[in-house]
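The values are calculated or read from the model by the stated rules, or taken from the named source; none is laboratory data. Since the structure is predicted, the reported quantities are computational estimates derived from the model, not experimental observations. We place every Cβ from the backbone using ideal geometry, glycine too, and count neighbours over all the protein chains shown. Remember, those area values only see protein heavy atoms, side chains included, never the ligands or the DNA or RNA. Shrake-Rupley method; radii C 1.70, N 1.55, O 1.52, S 1.80 Å.
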Amino acid sequence: MRRPYLLLVAIATLISLGALLIAVSSLGQLYSAVAAVSPLLAQLTVLLVVVALMGALGVLAYYGWLFLRPRRKRVVTLPETPDKVAAVSLQAAQQQVSQIEDEIARQALAARSQALAQRLEEQTFQIVVFGLGSAGKTALVNALLGEMAAPVAATLGTTQVAQTYRIGVPGLANRDQEILITDTPGLLEAGEFGEERAQQAKALATSADLLLFVIDNDLHRVEYEPLAMLVGMGKRSLLVFNKSDRYLPEEREQILGRLRERTRGLMAAEDVVAIAARPSPAQLADGTMVQPDPTIADLIERMLTILRQEGSDLIASNLLLQSQRLSADARTLITVQRQQQAEKIVDRYQWIGAGVLAATPLPVVDMLATAAVNAQMVVELGRVYGVEVSIEEAKTLAVSLAKTMAALSLAKGAMKLLAVGLQVNLATAVASKLVQGASAAYLTRIAGKSFMVYFQANQDWGDRGIQAVVEQQYQLNRRDEFVKQFLRSAIEKLT
Ligand SMILES: Nc1nc2c(ncn2[C@@H]2O[C@H](COP(=O)(O)OP(=O)(O)OP(=O)(O)O)[C@@H](O)[C@H]2O)c(=O)[nH]1
Ligand SMILES: [Mg+2]
């Protein structure tokens, strides 16, 4: 029990003991008074009073317990099953997508979120076949379709765009499971991950519930890296050693052993499987050529085991990953959008600042800094970043920024900078209304940019404080071309 409670209990005990003593003595008096009339009545009266007292005490004790009992910690209810977690995360992503103002960007992300919602709803399992060019991805997809569904004509050769096939696998997880198998364009040996086509393949690989990573020999470095990357980000993968018909049985086992060795720590040994998706044609004794059947039974068995054991979890965790990515993409767009809106506000206020200054009689250089930071601008910037800043808070923020700018002698620095830009000397510059106005505008800009950094970092000036932020913005805005351009607008607006 905590200390304040202990004290409370001690005081309560003392008071109750006192009250009990008083009650007993007055009860005694009451008894003798009534007993003078009738002893039976006296006994009854005392009994009644005692019962009433006990009842009152009981009620008191009950409320005391309600008040003093140890509070149970409030349990935050997390959605329990993986697909509920995915659903919640998808909802959050959708919420973010709806905040994007750019029509085209929003629609693109909305389409992605719709596709995810549909997968969540339908629970279709997506398998993506991935690997270097000519590893036999298309041959494998055809073989799988041939074995698992209706036969499909094998069209081999370079796959240009990804192709997705839909098949139903009967009797999985107490119902028919729909599976999507996607054939991807191959990664180029030389191009590694950089190519546009490879990017498309990589995006598809990322969206897979299960990845079939097809190779036709030992694992090359250009294959190992993407495989390690995809497995590293949690992608459930099988390493499929295709064209194993080109090797003698013992060679095949050797290669398989090497592959398992190479991928130890990355994936389980049974997730490395040898197949022949489209074995080389064989010549019969009479000279005719026949196309042997694919050898992919081991792979199908492994795939079905994974589907059965991990299928729904894989779908859920993949959807979770996808919606987190969607969120991240939406956030990036929102950041850009906010930046543009904030930029407009700063642009507007910098000339307001200059105008206000032009209306006041000759300011001292230090006053410039104070005049430049407009609290209303802070309020508006805050709003862009979803923060409601009161005008009072904004004033406090503005004052501390103005002080920092004064401490850094930014007003003087700005005037010098602009004087150089205008090719006049500092004395002329200080006296010139144009330079004063331009300096005010310039400092407003630095202030606004600093506040953008502050709001972007969730109202935090960062480890190195407000001064470092202001200094950095000053450095960023003093490039020659920028100053020239700025002066041009200043002359246009202020004269
Ligand atoms: N010997 C043998 N050859 C195979 C096997 N599987 C595929 N091939 C051959 O490998 C070549 C390439 O096969 P594809 O299926 O087109 O390869 P891919 O990975 O889809 O190639 P891209 O679409 O260009 O990336 C073809 O000539 C196939 O006949 C196999 O199991 N054994
Ligand atoms: Mg292909």
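For the chain, the membrane-span-like helix rule (DSSP H, alpha carbon extent of at least 15 Å along the helix axis, mean Kyte-Doolittle at least 0.5) picks out 3-35, 39-68, 137-148, 391-407, 410-422; this says nothing about an actual membrane.
What does the charge add up to near Glu301, with Lys and Arg as +1, Asp and Glu as -1, over the other residues with Cβ less than 15 Å from its Cβ? Present the calculation step by step, with values, prior to reporting the outcome.
On the way: positive: Arg302, Arg308; negative: Glu147, Glu270, Asp271, Asp298, Glu310.
Surrounding charge for Glu301 is -3.
Dipole size of the chain about its Cα centre, with +1 on Lys/Arg Cβ and -1 on Asp/Glu Cβ: approximately 2540 debye, rounded to the nearest 20. Ordering Gln337, Ala375, Leu494 by the projection of their Cα atoms onto the charge dipole of region 330-494, which places +1 on the Cβ of Lys and Arg and -1 on the Cβ of Asp and Glu, puts Leu494 at the extreme positive end.
Take the Cβ-Cβ distance between Phe482 and Arg252 as r, set R0 to 45 Å, and report the resulting FRET efficiency rounded to the nearest 0.05.
Details: r = 65 Å, r/R0 = 1.45.
The pair Phe482/Arg252 has a calculated efficiency of 0.10.
The Cα center of region 282-332 and the Cα center of region 83-149 differ in position by 15 Å.
Comparing Met267, Leu401, Gln177 along the charge dipole axis of the chain, the residue lying farthest to the positive side is Leu401, per the Cβ-charge model.
Students often get this wrong, so check it: of Lys202/Lys449; Lys202/Lys243; Lys202/Lys344, which have C-alpha atoms separated by over 31 Å? From the list (Lys202/Lys449; Lys202/Lys243; Lys202/Lys344), the Cα-Cα distance tops 31 Å for Lys202/Lys449; Lys202/Lys344. Dividing the helix sum by the residues of the chain, where each DSSP H run of 4 or more adds -39500 (n - 2.57), gives a mean residue ellipticity at 222 nm of -22000 deg cm²/dmol. Over the chain, accessible surface divided per residue gives 57 Å², non-protein components excluded, 1.4 Å probe. Out of every Cα-Cα pair in the chain, what percent are more than 27 Å apart? Above the 27 Å cut-off, the chain has 73 percent of its Cα pairs.
Selection among Ala12, Ile466, Ala205 by position relative to the dipole of the chain gives Ala12 as farthest towards the positive end (Cβ unit charges, Cα centre).
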